[in-house]
Amino acid sequence: MTPQDRVAGFYDSLAADYHLIYADWDAGIARQGAALDALLRERLGSAPADVLDCSCGIGTQAIGLALRGHRVVGSDLSAVAAARAVREAAARGAALPAAAADMRRLPFAGSRFDAVVCADNSLPHLLTAEDVGAALASMRRVLRSGGLLVVSTRPYDELRRSRPTTTPPQVVETPEGRATTHQRWHWHEDGERYDLDLVRELAGPDGVRTTVRRATYWALTRQQLTAMAGAAGFTGIAWAEPAASGFFQPVLTAVAP
């Protein structure tokens, strides 16, 4: 099984209850959509844009942008997650065509989009410089001249210094019971990569059921990701903190020349 097969399996199994990561998923859709919409319109102009969300998952960012008038296409390594994104968008009155695709080999025509979004720490699932470079080159290929790349990751410069081992629990009340989610991080000897256990406990009338799903990430620093974006041919590379962008993670933006 390849690393990407494992990533696809992780999100296939998580797709049905991924929304429980949020205390209020619809509020998260609206909040993240507003932040990304403001960024796109500031950089590309006030008109709606043709946007590819190449790590759309169950649709959090893609639906938020579609509800704000953008023409959004989704793709994700997980076919199960992409299918749910289509259904969730339709349930909210938005159009979101989406399909399974590897961001290293995006199956779209060159110069097809005004913007490519790769948000919510998706790019760090790629664990080698070759794979990250292939993904960034693929994103650049499908962008029009002057198109905008938007990538968000965790604040890895600080996290690599502090090397956390767990996250605070997120508690959500569901019809089946109380869902409590937290993460356990296991850092590799290289100090850059880590295994993440997503631990979820569902406490209901019949007792407690616990699931643990594992994925591996590369904690890319800003310097590393900036250099890789430059090597892929992007220009105008900049970073914005959440306080400035309104998005919940640091955001890299870059321009396709």
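The values are calculated or read from the model by the stated rules, or taken from the named source; none is laboratory data. As the structure is a prediction and not an experimental result, all values here were calculated from the model. No Cβ is skipped: glycine too gets one built from the backbone with ideal geometry, and neighbour counts run over all protein chains shown.
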- Considering only segment 129-164, how many residues are without any contact (Cβ under 8 Å) to a residue 60 or more places away in the chain and in a loop (DSSP other than H, G, I, E, B)? 2
- Could you say which residue among G233, G204 is more than 21 Å from the chain's Cα centre (by Cα) and outside the structural domain of D24 (by TED's automatic domain parsing)? G204
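Among the strands (runs of 3 or more DSSP E) lying completely within segment 165-250, list those that include at least 1 residues that are surrounded by 13 or more Cβ atoms within 10 Å (Cβ to Cβ) and in contact with a Gly (Cβ under 8 Å, 6 or more places away or on another chain).
Values: elements: 170-174, 177-187, 193-204, 207-218, 235-240.
Counting at least 1 such residues, we get 177-187, 193-204, 235-240.
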- Go through segment 80-119 and count every residue that is surrounded by fewer than 16 Cβ atoms within 10 Å (Cβ to Cβ) and assigned to a loop (DSSP other than H, G, I, E, B). 8
- Note on the structure: Among the residues of segment 2-30, the number that are surrounded by 15 or more Cβ atoms within 10 Å (Cβ to Cβ) and free of Cβ contacts under 8 Å to residues at least 12 places away in the same chain is 1
- Search result, residues across segment 1-29 that are in a helix (DSSP H, G or I) and among the acidic types (D, E): D5, D12, D17, D26
